[in-house]
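Report on the following structure.
The values are calculated or read from the model by the stated rules, or taken from the named source; none is laboratory data. Computed from a prediction, not measured in an experiment: that's the story for all the values here. Glycine also receives a Cβ, built like all others from the backbone with ideal geometry; neighbour counts cover every protein chain displayed.
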Amino acid sequence: MSTPLVRVLPAARPRPGISRSRLGDLIDAVTSLTLHPQQVPEPSDIAWVDDSGVKHDATPSAGVQAAPVQPAPVKPSLLHVSRKGDTGAALRLLEQGEDPNVHGEQGFTPLCYAAKSGDVRLMLALIKHGADIEARTDARWTPLHVAAGFNHPAAISVLVKYGACVDTVDVDGDTAILTAVALGFTECVQQLIEANANVRVKSVLGETLLHVAAEGGYYTIASLLLAHGTPVNGTDGLGRTALDVAIASKNLKVAGLIAAASRMRESWL
C-alpha cells in the first residue's frame, strides 16, 4: 500500500512588521507616556513677617518665620492639556495662538493625542487652527495610524474627511488598515475600506490582510476583506496561503470561510 502524501507547511517565524505583539508593545508605550508637571521656577526672593505682621525682604533673624513668595502660575502647554484630554483648556490655548504642531514624547503632536482619545471636537479645532494631518511620531505613525491603533472609527472619519492619506506606511511598513486588522478593530477596518484604503497591501514579510486576519481569528474582518477584493490565495514570504495560516493557528471558522471563498473564486475561472 502506498504511503499517503502529507503536506508539510513551513514553520512560522517572528514578524518584525505587522506582528500583533509588536503593535501591542508600541501601544503600551504610547499609553504609558508620562505627563511631566509644569516646571515652576524657584522663588527668587524670600519675604518674612515679623511679630507685628510687617513683611520684610531681608533674610529673617533667628526665630522669625519665613514665608516664600509664590511665583505666578505657569501656563500649561497645549501638549499637556491635549495629553490629559482637557478639551476646554486646549481650545482656549488654540484661541490664544498656541502652536498646534509642537511635538512631545515619542513625537506625538496634539492631534495625535486627540486621535488617541477619539476626541473629535478637539481634532476639528486643531485642524481648523492648522494642525498637520500627516504629522509623524517617532515610529512614523500619522494621526490616522493612531486612530486605527486605538480603535476610534469616528476619528478615522474626521481625518479622512480632511484629506488624510489612507495608505501612508509607518516605520515597519504598515498602513493604518494593516494596523487595524492586526488588532482586530472591525469598525476601523470598515471605515478604512470605505475610505478606499488598499485592501491588497502586504506587510514587509509578504502577508496579505487576509493572512493577518486569519492568524488573529477575526472572522468578521476576514469576511469584509474577502467581500472587497483581498486576494484569497495569495502567499506570504514563506509560501503560505491565508488558509494555511488559519489552519496552523487553529482558527477553523476562519479557515472554513477562506476555503469556501477559494472554491467559489476557482469556480468563476
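Total residues in segment 219-229 satisfying the condition of being crowded, with 24+ Cβ neighbours inside 10 Å and assigned to a loop (DSSP other than H, G, I, E, B): the figure is 0.
Annotation for segment 127-140: no member residue is modelled with pLDDT of 95 or more, farther than 23 Å from residue 203 by Cα and either touching a strand residue (DSSP E or B) at 6+ places or on another chain (Cβ under 7 Å) or aromatic (Phe, Trp, Tyr) (or both). Listed by position, the helices (runs of 4 or more DSSP H) enclosed by segment 101-215 that each have at least 2 residues that are surrounded by fewer than 21 Cβ atoms within 10 Å (Cβ to Cβ) and not hydroxyl-bearing (Ser, Thr, Tyr) are 120-128, 153-161, 186-194. Within segment 135-189, which residues are among the acidic types (Asp, Glu), under 24 Å from residue 220 (Cα atoms) and out of contact with any Pro (no Cβ under 9 Å at 6 or more places or on another chain)? Within segment 135-189, 167, 174 qualify.
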